[in-house]
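Please read the structure below before turning to the comments.
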Amino acid sequence: MSDTVTLSLTEATALSTAALTANGADAENARAVTDIMIRAERDRCASHGLFRLPGYCASLKSGKVKGTARPIASEIAPGAVRVTGDGGFAPLALEVGLPVLAKKAKSQGIAGMGLVDIYHFAALWPEVETLAEQGLCAFAFTQASPMVAPAGGIKPFFGTNPMAWGIPTGDGQPPLISDFATSAYAAGKVSLAISKGEALPEGIIIDRDGNPATDPLALGLGGALLPFGTYKGYGLSMVIEIVASLLCGFAPASSAEFQFGNPTLMMAISIERFTTKERFE
């Protein structure tokens, strides 16, 4: 008998909302977090879909994450927004901040938004997609807990530090979206492999002694993920660490002052302020 249960997106939405609410999330936070997971399920990204629900519930139940968070967006400059997440999950903070960022970008030509005091940004593409659908070029960079060894090293130093961008394409077509970690493998895919009892491809992870490994459990036993393209991935991760943590007023993951919280920097650019829409598309 199969262990697989098939749900419609409507049924999955109801399940997620009920579980989050039962573990301490209010209606607004439960809806926002659920929406992100369902978008991932819709786009066939299992590592960011309902697979995340038990972890979200555990974080709420333990008190690590505030289920009644009320994020606040502050306009700190004509082209800058700062969103304080009030210790909650990222989705509601993003809902509060994205409209302000989009408005500023359309007015000023380019705008940036820093998000702090948030937990688990999840996939980055839904947010850049939202901005790109409004005709804006969008970028997102987020910091993560140390789990990636530097090029030539064997100990975790930076996070997977993903980045994403969204580019409008015009003519009613979906925007061009890219979302990837600076590690050779996304952390969510490692967690998914552990849950399925599957091995990782070679060249993804090393054990605590720096030896090549394929067992995903090695990551939690002192091992580390490798950066993609060795120096290239490590270099990108370093840049993202700077813009996503230091520009947001947080300590980098490699420092003793690091506190988990996924500080994030997003940027939006108005096409019409730099060129004509027709020439761009």
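The values are calculated or read from the model by the stated rules, or taken from the named source; none is laboratory data. Predicted model only: the values in this text are computed from it and were never measured. Cβ placement follows ideal geometry from the backbone for every residue including glycine, while neighbour counts extend to all protein chains displayed. Protein only, heavy atoms only, side chains kept; ligands, DNA and RNA dropped before computing areas. Shrake-Rupley method; radii C 1.70, N 1.55, O 1.52, S 1.80 Å.
Select, from GLY67, GLY49, the only residue that is open to solvent by less than 20 Å² (accessible area, probe 1.4 Å) and either among the β-branched types (Val, Ile, Thr) or under 22 Å from ALA140 (Cα atoms) (or both). Quick ask: steps written out before the conclusion?
On the way: GLY67 fails: either among the β-branched types (Val, Ile, Thr) or under 22 Å from ALA140 (Cα atoms) (or both).
One residue alone meets the criteria, GLY49.
Select from segment 159-208 the residues that are of a type in the set (A, V, I, L, M, F, W, C) and over 15 Å from GLY233 (Cβ atoms) and list them in ascending order.
Initial filter on segment 159-208 (of a type in the set (A, V, I, L, M, F, W, C)): 163-165, 167, 176-177, 180-181, 184, 186-187, 190, 192-194, 199-200, 204-206.
Across segment 159-208, the qualifying residues are ALA164, TRP165, ILE167, LEU176, ILE177, VAL190, LEU192, ALA193, ILE194, ALA199, LEU200.
Counting only residues that are touching a residue at least 40 places away in the same chain (Cβ under 8 Å) and either touching an Asp or Glu at 6+ places or on another chain (Cβ under 7 Å) or at positive phi (or both), how many does segment 51-68 have?
2
How many of the residues making up segment 70-94 are open to solvent by less than 30 Å² (accessible area, probe 1.4 Å), among the hydrophobic types (A, V, I, L, M, F, W, C) and not in a helix (DSSP H, G or I)?
4
Which is under 18 Å from the mean Cα position of the chain (by Cα) and at pLDDT 95 or above, of ASN29, ASN23?
Details: ASN23 fails: under 18 Å from the mean Cα position of the chain (by Cα).
When all the criteria are applied, what remains is ASN29.
Any idea which residue in segment 104-133 is farthest from the chain's Cα centre (by Cα), counting only those that are assigned to a loop (DSSP other than H, G, I, E, B) and surrounded by fewer than 19 Cβ atoms within 10 Å (Cβ to Cβ)?
Within segment 104-133, the match that is farthest from the chain's Cα centre (by Cα) is GLY109.
Count, please, the residues in segment 1-25 that happen to be outside any helix (DSSP H, G or I) and touching a Leu at 6+ places or on another chain (Cβ under 9 Å).
Count: 4.
If we scan segment 33-41, do we find a residue that is surrounded by fewer than 21 Cβ atoms within 10 Å (Cβ to Cβ) and either at pLDDT below 95 or in contact with a Cys (Cβ under 7 Å, 6 or more places away or on another chain) (or both)?
Yes, segment 33-41 contains at least one residue that is surrounded by fewer than 21 Cβ atoms within 10 Å (Cβ to Cβ) and either at pLDDT below 95 or in contact with a Cys (Cβ under 7 Å, 6 or more places away or on another chain) (or both).
Of the conditions (1) at pLDDT 85 or above; (2) of a type outside the set (Val, Ile, Thr); (3) outside any strand (DSSP E or B); (4) within 18 Å of the chain's Cα centre (by Cα), LEU217 fails just one. Which one is it?
Result: LEU217 passes all but (4).
Among the residues of segment 220-236, which ones are at pLDDT below 95, in a loop (DSSP other than H, G, I, E, B) and either under 22 Å from the mean Cα position of the chain (by Cα) or closer than 9 Å to PRO150 by Cα (or both)?
The answer is PHE228, GLY229, THR230.
Which condition number does PHE180 fail, the rest of (1) over 11 Å from the mean Cα position of the chain (by Cα); (2) surrounded by fewer than 20 Cβ atoms within 10 Å (Cβ to Cβ) being met?
For PHE180, the exception is condition (1).
Out of everything in segment 225-251 that is among the aromatic types (Phe, Trp, Tyr) and under 14 Å from PHE157 (Cβ atoms), what residue ends up being surrounded by the fewest Cβ atoms within 10 Å (Cβ to Cβ)?
Once the filter is applied, the top-ranked residue is TYR231.
Among the numbered conditions (1) open to solvent by 60 Å² or more (accessible area, probe 1.4 Å); (2) on the phi > 0 side of the Ramachandran plot, tell me where GLY222 comes up short.
All conditions pass for GLY222, except number (1).
Please count how many residues of segment 142-164 are buried (at least 21 other Cβ atoms within 10 Å of the Cβ), of a type outside the set (Gly, Ala, Ser) and either closer than 17 Å to THR275 by Cβ or out of contact with any Pro (no Cβ under 8 Å at 6 or more places or on another chain) (or both).
Selection size over segment 142-164: 4.
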